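Okay, so here's the structure we're looking at.
The values are calculated or read from the model by the stated rules, or taken from the named source; none is laboratory data. These figures come from a predicted structure and were not determined experimentally. Every residue, glycine among them, receives a Cβ derived from its backbone with ideal geometry; neighbour counts consider all protein chains shown. When the accessible area is computed, the model is the full protein with side chains, heavy atoms only, and any ligands, DNA or RNA have been set aside. Shrake-Rupley method; radii C 1.70, N 1.55, O 1.52, S 1.80 Å.
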Amino acid sequence: MTTVLPPVSSAIEEADEPQRGVPATRYILSKVGGALISLVLVIILGFFLFKLMPGDPVASMAKERPMTAAQMAQLREQLGLDKPMIEQFWDYLVNVFTLNFGTSYVYKQSVAGLIGAYFWNTILLTGTSAVIAIVLGLWLGQRSAWKRGSWFDRITSGTSLVFWSVPTFWLGLLLLMAFGGTLQWFPTGGMTSPDPPDGTLDRVLDVASHMVLPVITMVAVVYAQYVMVMRASLIEEMSADYLTTARAKGLMEDKVRSRHAVPNALLPTVTLVFMHLGGLIAGAVTVETVFSWPGLGKLTYEAISGPDLPLLQGTFVVFSAIIILMNLLADLVYRQLDPRVRTS
């Protein structure tokens, strides 16, 4: 049997033709579509998940204020808890897609208003922690990789692994007892003092002093992950041929690291950063509860204690939407940074 070979000219043309991946528009639409599907599934899950939770909201309210059976039945009717499940689910969908999460059982206020009031406090705390953790983690990670095996590398890696394995609430309680209780260097809870100062600068300093311990707690747990990922990525890049070429051209070691090795090693870290930004906001529940920080995390904890179903469903949807949005941004940014994703 004779094998028919393609003409040499056509083979050369195919080899010279650049690889074409998925068009940008199609890629973006597929990622946005996937994010919307995830959000819809989260919204549906947010209803049935909390309906399966143990506890009766009306019975919880009756513990604080004694009610008769008739009053409890009337309250169930007011809250819509006496309706069939499918009717409650439809009302929930209509409310969510009109950004109306209902009225909080505990606060007697609009859930959307409560989330709006507490949202920026969480962004202030988690945003500050994220910036510090990213800068510190990436700097320590690339220094540690470049000095692999040195004392700096051992101390940095060992400390990072210890903080990575420490439970967030446990570290927060230790800092609270040491620097808030025993030494009394920083406030033990809240966002402002009971009697806040009058001047703008004094108020900013007052809030900053309340942020110190919760920010240290969040940074200590998160920055270690950036250190280890950045260190591993850079060590992998250090054996690449293009670094040898850069050194052969006479570049100093610092320039070889900063201009060639670090930019390529940043690619895996970018995805981690965006994914952790969403997780960091959702993970604020523990830190905000320990330090009584008036944010979405503390609001979620109080909603669970209720149980305050409308508030719980509202915070769950907001946290999930933030995580989905951050993952979507990670996919879009990664495609721009890595040409291999564009041609795949």
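Which shape class applies to the chain: rounded if a/c is under 1.5, otherwise prolate when a/b exceeds b/c and oblate if not, where a ≥ b ≥ c are the square roots of the Cα gyration tensor eigenvalues?
Here the chain falls in the oblate category.
Loop by DSSP (not H, G, I, E, B), at most 13 other beta-carbon atoms within 10 Å: where is the longest site-free stretch of the chain for trypsin sites (Lys or Arg not before Pro)?
148-248
In the Gaussian network model of the chain, springs joining C-alpha atoms below 10 Å, which of GLY314, GLY172, GLY158 carries the largest mean-square fluctuation?
GLY158
Using Cα springs under 10 Å in a Gaussian network model of the chain, which residue among THR315, THR289, THR192 shows the largest mean-square fluctuation?
The residue with the greatest mean-square fluctuation here is THR192.
Once neighbouring chains are kept in place and the probe is 1.4 Å, which whole percent of the accessible area of the range 114-341 is contributed by carbon and sulfur?
Percent of accessible area from carbon and sulfur atoms in the range 114-341: 67.
In square angstrom, what is the accessible area per residue of the chain with a 1.4 angstrom probe? Before the final figure, lay out each step's value.
On the way: 19680 Å² over 344 residues.
I get 57 Å² per residue for the chain.
By a straight-distance test (C-alpha under 27 Å), which lysines pair with LYS108 as possible cross-link partners, with residues fewer than eight away in the same chain excluded?
Filter leaves LYS51, LYS63, LYS83, LYS298.
Could you tell me which helices of the chain pass both thresholds, a Cα extent of 24 Å or more along their own axis and a mean Kyte-Doolittle hydropathy of at least 1.0, with helices taken as whole DSSP H runs?
24-51, 111-146, 200-237, 262-282, 309-337
Throw me the Rg/Rh for the range 116-176, computed over C-alpha atoms with Kirkwood Rh, two decimals.
1.11
Of the options TRP151, ALA303, VAL111, report the single residue whose Cα projects farthest towards the positive end of the charge dipole of the chain (beta-carbon charges: Lys, Arg +1; Asp, Glu -1).
TRP151
Where the only charges are on Cβ atoms (+1 Lys, Arg; -1 Asp, Glu), what is the dipole of the chain about its Cα centre, to the nearest 20 debye?
640 debye
Can you check what the Kirkwood hydrodynamic radius comes to for the range 24-180, Cα pairs only, in Å to one decimal?
Result for the range 24-180 stands at 21.2 Å.
For the residue pair THR182 and LEU93, what label-to-label distance in nm results when each label sits 7 Å from Cα along the Cα-to-beta-carbon direction?
Distance between label points: 5.7 nm.
Note down the nm distance, to one decimal, between modelled labels 7 Å out along Cα→Cβ at ALA70 and at VAL270.
6.8 nm
Tell me, in nm to one decimal, what length is gained between ALA240 and VAL131 on full extension, where the rule is 0.36 nm per residue of separation less the Cα-Cα distance?
Working: separation 109, 0.36 × 109 = 39.24 nm, distance 3.00 nm.
Separation in residues times 0.36 nm, less the Cα-Cα distance, equals 36.2 nm.
Over the chain, with a Gaussian network built from C-alpha contacts below 10 Å, which listed residue (TYR118, TYR242, TYR301) shows the highest mean-square fluctuation?
Fluctuation is largest for TYR242.
Per DSSP H run of n ≥ 4, the term is -39500 (n - 2.57); total these for the chain, divide by its residue number, and report the mean residue ellipticity at 222 nm rounded to 500 deg cm²/dmol.
-23500 deg cm²/dmol, from helical runs alone.
If one computes the Cα centroid of the range 89-148 and of the range 185-242, what distance in Å separates the two points?
Answer, in whole Å: 15.
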